[in-house]
1. Within the stretch C:150-166, restricting attention to residues that are in a helix (DSSP H, G or I) and among the hydroxyl-bearing types (Ser, Thr, Tyr), which residue is farthest from C:LEU214 (Cα to Cα)?
2. Do the conditions hold for A:SER365, that is, is it under 30 Å from A:PHE131 (Cβ atoms) and either under 22 Å from the mean Cα position of the chain (by Cα) or at pLDDT below 90 (or both)?
3. For the stretch B:97-150, give me the residue count where each residue is more than 25 Å from A:ILE401 (Cα to Cα), touching a Leu at 6+ places or on another chain (Cβ under 9 Å) and not polar (S, T, N, Q).
4. On the basis of being within 14 Å of chain C (Cβ to nearest Cβ), more than 18 Å from B:LEU364 (Cα to Cα), polar (S, T, N, Q) and part of a loop (DSSP other than H, G, I, E, B), does B:SER80 make the cut?
5. Any idea which residue in the stretch B:274-322 is nearest to B:ILE147 (Cα to Cα), counting only those that are surrounded by fewer than 16 Cβ atoms within 10 Å (Cβ to Cβ) and in contact with a helix residue (DSSP H, G or I) (Cβ under 8 Å, 6 or more places away or on another chain)?
6. Just checking, which of C:LYS113, C:LYS84 is within 27 Å of C:ASP232 (Cβ to Cβ), within 8 Å of chain B (Cβ to nearest Cβ) and either small (Gly, Ala, Ser) or crowded, with 23+ Cβ neighbours inside 10 Å (or both)?
7. Does C:GLU278 satisfy the condition of being at pLDDT below 90, over 20 Å from the mean Cα position of the chain (by Cα) and not small (Gly, Ala, Ser)?
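The values are calculated or read from the model by the stated rules, or taken from the named source; none is laboratory data. The structure presented is a predicted model; accordingly, all values stated were derived computationally and were not measured. Neighbour counts are summed over all protein chains in view; Cβ atoms, including those assigned to glycine, are modelled from backbone coordinates with ideal geometry.
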Amino acid sequence: MSDVSFVRTEMLPEKAPPPTSAGAIGWARENLFSGWFNTLLTLASLVVVYYVLSAIVPWILSPTFSGTSLGQCREMLAAAGQESGHGGGACWGVIRERWIQLMFGFYPSELYWRPIAAFVLLAVALAPILFSDKVPAKLIWFSAAYPFIFPWLLWGGAVWGPISAAAGFVIAFVVYRIVSQSMSDLIGLVGGILVALIWWLVLSGIAVSALDSILPIGLEPVESRKFGGFMLSITIGIVAIACSLPLGIVMALGRQSDLMIVKYLCVGFIEFIRGVPLITLLFVASTLLNIFMPPGTNFDIILRVLIMVTLFATAYMAEVIRGGLAALPKGQYEGADSLGLDYWQAQRLIIMPQALKISIPGIVSTFIGVFKDTTLVSIIGLLDPLGLSNAIRADANWNGIVWELYGFIALLFFVFCFGMSRYSMYLERKLQTGHR
Amino acid sequence: MTTLSDPPKEQFRLSMLLYDTRYRSGTIQVIALIGFMLLAAWLINNTAQNLAELGKPIDFGFFSEPASYDINQRLLDYDSRDTHLRAALIGLLNTLVVAVLGCATATVIGVVVGVLRLSHNWIVGRLMTVYVEMFRNVPVLLWIVFIMAILIETLPAPSAFRGEDPAASMLLSDSVAFTNRGVYIPEPLFSRSLGDIHLLGEASLRFDVSVNLIAILAVLIGGIWVSNIIKRRADRIQESTGVRPTTWYLRLGVILVPLAILLAALGVHFGYPALKGFNFQGGTHLRNSLIALWLALSLYTAAFIAEIVRAGIMAISKGQTEAASALGLRQNRIMSLVILPQALRVIVPPLISQYLNLTKNSSLAIAVGYMDITGTLGGITMNQTGRELECVLLLMLVYLVISLSISAVMNWYNESVKLKER
Amino acid sequence: MKKSVFLGALTVAGLTAGAAVAGTMDDVKARGKLNCGVTTGLVGFAAPDANGEWKGFDVSVCRAVAAAVLGDQNAVEFVPTTGKTRFTALASGEIDLLARNTTWTFSRDVDLKFEFVGVNYYDGQGFMVPKGLGVSSAKELDGATVCIQTGTTTELNLADFFRSNNISYEPVPIETNAEAQQQYLAGACDVYTTDASGLAATRATFEAPGDHVLLPEIISKEPLGPLVRHGDNEWGDVVRWSLNALIAAEEYGITSANIEELAKGTNNPEINRMLGTEGTLGEMLGLDAEWAKRAIAANGNYAEIFAKNIGEDTPVGLARGLNAQWTNGGLLYAPPFR
């Protein structure tokens, strides 16, 4: 009887996985063909992808970039041996000829640097808020000044206009500081607002014309009728969001407030605006807003649209910020109270910084929504990209063009919105400070 | 003996309105209210002045004048001699039709896409991501006109169905025709119809209710009610004995058999579309404008719903699934008893706000000439009568009522499923 | 103007003071620009080119008025308006003049409180069908699908026409001409109906214009003309007589080529009165003596404007027809300059 027992003392070397479960085949088996249902889905998807691509790619690859009219495009396609007509190939000549118009509308071409500068500076102004760790803190002063630079760059005019508008805020702040130290906060606030209103309504007009006659510095004014194309969409989007942010904060605080009348006024406003489609608000802008104003006042249509879109964005912004306020743990409010801070101090120092930070992704997605909704202005006759596409199709040379313009506009919107939404997702990850 | 006396009554002074927190909130509210009322008065005063100047005092009299335009899609009888009010009503019904259809398909597509995005199948997951991003990042108005253009350009015209050797042919044994004027499908007809009930006589808001439809609905509801009784009985038996009697054929039977008898009694048959003259005649005509709007709104909203569904499913922690399977529940019961009820609580509130968005976006019908309420009341009527103020305000009011009703449903649901926590 | 300042930073956005009721001419002169409402785009009548410059038949009317009042035919702001927004834009004072092939009707004139200053194009609603349809009269269109542009008198005329002939039709309302054209070409409607000029203009841009015919029925009268607000007669007169100057110029043979020559004085007293070498017509209008000369010199007389934008040598290819001078059997008839 042998007493041999076998004990392995070293590990066997790992075997390579069978070829069917490694590498490309393994990956495909795992991810594409694991079971009959998945296989079916995969095959169906492949068929769909093939059909879509085989319809679109030859159409896109069309040698018509130099065409100067639809007829010429058709000749070029016929010469290239492609079927002319709608399915045959794109007529890219229209994009080559009109892309600048689709971007800037009728803005004077020698002044294109101004909208470009405005949008580049916007990135600079946003940097201290979005990348606070990477840029010098002093830049925040530029961000504060930017709301006055932006309209001045786009619309031009004397430099004194925006300066006097900004001066109103400075005056209001100074009055508030002085009064609130000698009397109460509330009186200070009311006093500041009153003085600012007096400045804007009465004094600043005189000051501006006086300064302008002494020292006429300014940019060539551009009327807002000349705005069009993507510049118009972006301008409406930015102005609406920038103005709606402070208004939205006020509305959100009002809605959360214990003061019953204030609360119901805010709820009424928010629910009303959110309950009607934007297009009806734009009808108000195009047909009714002048009727609501004192007789003789006459805004131009872009300003009216800006007002209504701002109101629209305000209601949505208020809800986003309310969400941010609701997401704050109750301890933050109680902590602020226990430190003896009053309502405004608590809001300014504890609540708002955190609530706004939580709300940034929501704010970005509101912005994307408003930006997409700016296409609706084409229905009331403004020449945004979609409106321009109709005007272009009314040109005898391009009468009959369909897909090229829609495709180009859709692509630009996609690039812009997709970029923004990715950025907002990145922000969401970055801002998660580990509360869960 | 000590007596407890009240603290001395403070004399009320005017400054307390500002400095005393007890009164301050009241002061602020009164100021806010006065400010609001001043603003409202200012706006109304301006409006009155301007209207007087334009010579157009507010007057809804135009509603009883003939509209004198035609509407292609009408659920109730209407012709160009009917009033503007009736035109608005036809438009309102069209709005509701597209909103309801849109919400239903958007939900189906959204749920399917949302689930498929979580699929382990790489290519399917990617395709769904492409779909969601494509639709979410391009304006819905662009999608509406785009889909309209696709329908018009790619489908055959009715004339292509004509002749010896037609370029296009009808589908499903000549019962469905896809043309670039819309889709024609068979319509149910009753040879022994019970007729209609005419409500409100000859008024602008008159409408007919089909007795057939009422009868069918009544039978259907009755059947479902009986079927529920059978189910509850089966539940009781299962609870007391542990064995569930097989009832599915019974439950199906009580719904289907009475329905079949009723339909046979009404003499139901289908009217098929046929090419006659310029167009297909007979059958139900789903117009291009409806399909484009419906499809665009559903696809656009479905992209958002897909994200909501995905987030809802991912929000349920894996522990729930594991605990349920530890209890010995089967896979489909885990889904229906554990995951879905919890996920729905996350999904439904944003889902309903998407329904709200869809309904509001249906006002873009104007871009493809679908005659919804924006197209009739806010479109042609406003144009022909020049009564902008009345039309726009009424239009807003209608949408507001629709939205508030949807919101009310949402709040009611939220209350009913809210976690009862401390 | 100072009213605007309350909007603070947004002042620059161009809040313009406007007295909506009276004194449009003073407003225009003070502003240095004429605000003129046009379509958002209709081949031959108004459309922006690649440089954003508006061109077309209606546009030329705006330019003539601007030349007469301000001395510069380019001092015009073109405000694109849709069928929906055009009347509000004019009523609210946003535009001084609407030249957007608008039909002169009783209710627009009386109820909506506008003043049509004349007719710059006599039109009528017609039908276009593909030749292959084999239709020769609009009365054979029973059951047809008809494309119409919304927001116009067209849909009302159409409803009346089909109703009075007791035939049925399926309306397909469409927002813009470009989309209507697309649907018609794809066969989504059998018939396209709009003003006959628009039909001709649209047909001209087709790949094969010969495959489509215009039916003989003209079912409505569509006198298209520029309009201004009620109640400002001074301004209405300026626009009316600027238009009349263009028409009269054709009658008297004044063209952009010979106008400098004729402005030195001729034997025809009427030409002299028009061009300001005789009489004080300009002064009566509140303008200088050379107003009509500038209006005509801007883009030529009526015939030149017509030929350049919509005439037979352009892609639109319209014949003069009703729009010939009364001396040639048309309806154009400028009252005497006297």
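1. Taking the stretch C:150-166 and keeping what is in a helix (DSSP H, G or I), we get C:154-164.
Of the ones still in play, those that are also among the hydroxyl-bearing types (Ser, Thr, Tyr) are C:154, C:164.
Values: C:THR154: 16, C:SER164: 21 Å.
Result: C:SER164.
2. Working: under 30 Å from A:PHE131 (Cβ atoms): yes; either under 22 Å from the mean Cα position of the chain (by Cα) or at pLDDT below 90 (or both): yes.
For A:SER365, the condition - under 30 Å from A:PHE131 (Cβ atoms) and either under 22 Å from the mean Cα position of the chain (by Cα) or at pLDDT below 90 (or both) - is met.
3. Initial filter on the stretch B:97-150 (more than 25 Å from A:ILE401 (Cα to Cα)): B:97-133, B:136.
Now restrict to residues that are touching a Leu at 6+ places or on another chain (Cβ under 9 Å): B:97-99, B:101-103, B:105-107, B:109-110, B:116, B:119, B:121-125, B:127-128, B:131.
Okay, now just the ones that are also not polar (S, T, N, Q), so B:97-99, B:101-103, B:106, B:109-110, B:116, B:122-125, B:127-128, B:131.
So the count comes out to 17.
4. Numbers: within 14 Å of chain C (Cβ to nearest Cβ): yes; more than 18 Å from B:LEU364 (Cα to Cα): yes; polar (S, T, N, Q): yes; part of a loop (DSSP other than H, G, I, E, B): yes.
So B:SER80 passes the test.
5. Step by step, filter the stretch B:274-322, then rank; the result is B:ALA311.
6. Working: C:LYS113 fails: either small (Gly, Ala, Ser) or crowded, with 23+ Cβ neighbours inside 10 Å (or both).
One residue alone meets the criteria, C:LYS84.
7. On the way: at pLDDT below 90: yes; over 20 Å from the mean Cα position of the chain (by Cα): yes; not small (Gly, Ala, Ser): yes.
Considered against the rule, which asks whether it is at pLDDT below 90, over 20 Å from the mean Cα position of the chain (by Cα) and not small (Gly, Ala, Ser), C:GLU278 comes out as yes.
So that you can scan it fast, the table gives a plain yes or no per residue for (1) in a loop (DSSP other than H, G, I, E, B); (2) under 26 Å from the mean Cα position of the chain (by Cα):
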residue: B:ARG126; (1), (2): no, no
residue: B:VAL132; (1), (2): no, yes
residue: B:PHE135; (1), (2): no, yes
residue: B:ILE144; (1), (2): no, yes
residue: B:ALA149; (1), (2): no, yes
residue: B:ALA160; (1), (2): no, no
residue: B:SER173; (1), (2): yes, no
residue: B:ALA177; (1), (2): no, no
residue: B:ARG192; (1), (2): yes, no
